[in-house]
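Everything on this sheet refers to the single structure shown next.
The values are calculated or read from the model by the stated rules, or taken from the named source; none is laboratory data. Quick caveat, the model's predicted, so the values are computed rather than measured. With ideal geometry, Cβ positions are generated from the backbone for all residues, glycine too; neighbour counts draw on all protein chains shown. These accessible areas exclude ligands, DNA and RNA; they are computed on the full protein's heavy atoms, side chains included. Shrake-Rupley method; radii C 1.70, N 1.55, O 1.52, S 1.80 Å.
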Amino acid sequence: MVLLLFIAFMISLAGYGMFILFRFSINPSFIPAIIVSSITVLMFFAGLLNILVFTAYSLFIIGVILFIAGLFMIYKHKLSVAQLYSPAIVFFSLLTVVFVLLLHNSIFVYYDNFSHWALIVKEMITKDILPDDSTIITYRNYPPGTALFIYFTVKIVGFSESMSLIAQSLLTASFLTTLFAFSAWKRPMSVVIPLTASVCSVLVLPFALSSLIVDTVLGYLSIATFAVIFYYRNNIFRLSLLSAPLLSMIVLTKDSGKIFFGFLVAWIVLLLARRVFIYKNITWKLVMQALASTVVIPLFINYLWGQYQKKAYSIDYEENRFAITMDIFNIDRSEEFIQNLLPHLISYAFNFSSVEFMTLILVDVLAIVVLVSSFFFFRKNLASLLYNVIYLNMIYLVYIGFLYILYLFIMPEVEAAYLAGFDRYQASIVIFLIGSMLFVINGHLYQKKNVTAKVNWLQKTIIGCSVLITIPLLPNVGELFQDTEGGVRDQLLTQYQALHSHTDITTADNITIIKAAENDDNGYIRHMMNYERLSENTDQFFTCESKEKKDSIQQSIKESKYMIILNMNDQMKNCLKDVSGGTDLTKGIYAIEDNSIEPVEK
């Protein structure tokens, strides 16, 4: 049944694709990205109006109707089937199948799924609303962009963790498909660089594929937006029309998306300035229309999200984690931290032993090779390639500057001291820059005015070299395959499901979880149980090294209705001796009633 619903869902998306292709005749490689970003923005407005369910089903039904209409157009020879077999659409279809096969049995494991990204999806699908005070969301200022598209998908197909991951992988596939804008079957070598860029982008942070974290999605989305801007740089009307939903989704994906939004809008402004002041071949009316689409609309959507937070939550914005206010610039950091931060950050950002940074360097080397080689063959077309490569490299430097501000002013010192989250923050920008630079290189090689027999050997040489870029990232391939058996979540899920099947437990019931260990898990089990139960009525304990800890554990047990023990040691047994009532406490599930602890029958 799930498979049939998923096929119907994909048919609905295909219906929108056929309509856009027939009605607007845009490059097929941009169609999936335009569809998913537009749906996300529409679902956001639906959330503001509290009509998420109605909108999800309406969009699905309209898509199916459009698919049927598209088949009729094909039958009437008004829509060419050949357009549906472009390299981009074939790539999107195959990558979707690969992701489905890879993720169809996956579950959430990564910490940040339970602290926010999976939690918001589950809250939305349970309550059919944008998160508000009725949910247990703690990162209230985090935008809901990807969660909205996942909601749309699982509302039609049915909620499961694997389907949520597949829904997010559809975003990945859609955005990476834009890399094939310059590819055509009559030039088969033109698909190699886009394939290389796609492989590199996924392998920068491969475990993210089995997680709902958005750092990689932000990178893929930025690639797609840049691809639209570069491809339609001489058609401002189409540039502004097609980039508007993509830029809007960027500000809805993550708070740091505003940085990427700024980079992309700055490039659009530079393009417009060149057309106005140098070439003088554009009207001010078109400039204003372009700025309205690419700047005003996304910023208005960001404003609406801010207003929604004020209405939906009783706490002020300033109380949110990583909230950006003027107060953050009142530095309350140790002198040692301030002195060490910049050298520490630079050593991480420009670490040549990092495969991600090394891959970025290899892409730069390839760009230099293309620039030098091209100088002898088509000098007139060097400017565009040169300016884009310089701008993209400048972006990396500016981005590291923003990270410095993040760690110095915004992130708590205890986390900033070890550059918490740097691998994910760097992944976003590296993915964006690798994909964008390779897209520009492919466009430079395969623009019609450049494709001649004279440069055919150069193209093949450069394309062959581009494949070598993937080499540093190949060791990351193993991270694509998730192994969850025997993990903490696997163990706890088994016990919790057994408790559910043998008792009448509700979300209001308190549970105490015991997992004897040398150290705690930084809140992993707590967040995981919050996600499972959509309730914060769970306590967890790992050690009992002090009287205060012993009193805390015993008090929790007295206030709880159930207890789950994942493992025990002598220290924990001694700690629980006073409340065990003579019961031999070992791994298992227990009911607590009238100060009596009894095993739950399995």
(message) Of the conditions (1) closer than 24 Å to ARG489 by Cβ; (2) modelled with pLDDT of 85 or more, LYS602 satisfies every one except a single condition; which number is it?
(response) (2)
(message) Step by step: first the residues of region 246-260, then only those that are open to solvent by 20 Å² or more (accessible area, probe 1.4 Å) and not polar (S, T, N, Q), then the one that is farthest from ILE39 (Cα to Cα). Which residue is that?
(response) ILE259
(message) When you scan region 230-243, do you find a residue that is loosely packed, with under 15 Cβ neighbours inside 10 Å, touching a residue at least 24 places away in the same chain (Cβ under 8 Å) and either under 30 Å from ALA416 (Cβ atoms) or not acidic (Asp, Glu) (or both), even just one?
(response) yes
(request) Considering each residue of region 120-165, count those that are touching a residue at least 60 places away in the same chain (Cβ under 8 Å), outside any loop (DSSP other than H, G, I, E, B) and open to solvent by 10 Å² or more (accessible area, probe 1.4 Å), and give that number. (result) 5
(message) Condition check: basic (Lys, Arg) and out of contact with any Ser or Thr (no Cβ under 9 Å at 6 or more places or on another chain). Does ARG238 satisfy that?
(response) yes
(message) Given (1) in contact (Cβ under 8 Å) with a residue 24 or more places away in the chain; (2) surrounded by fewer than 21 Cβ atoms within 10 Å (Cβ to Cβ); (3) of a type in the set (A, V, I, L, M), identify the lone condition not met by VAL269.
(response) (1)
(request) Check VAL81 against each of (1) aliphatic (A, V, I, L, M); (2) farther than 30 Å from ILE441 by Cβ; (3) touching a residue at least 24 places away in the same chain (Cβ under 8 Å); (4) open to solvent by 40 Å² or more (accessible area, probe 1.4 Å) and name the one condition it does not meet. (result) (3)
(request) For region 444-471, enumerate the residues that are modelled with pLDDT of 65 or more and open to solvent by 30 Å² or more (accessible area, probe 1.4 Å). (result) GLN447, ASN456, TRP457, LYS460, THR461, GLY464, CYS465, VAL467, LEU468, ILE471
(request) From the list ILE51, ILE11, ILE26, ILE65, pick out the single residue that is farther than 25 Å from ASN302 by Cβ and either without any contact (Cβ under 8 Å) to a residue 24 or more places away in the chain or open to solvent by 90 Å² or more (accessible area, probe 1.4 Å) (or both). (result) ILE65
(message) Suppose we keep only residues that are in contact (Cβ under 8 Å) with a residue 40 or more places away in the chain and not in a strand (DSSP E or B) within region 565-584. Which one would you say is nearest to the chain's Cα centre (by Cα)?
(response) MET568
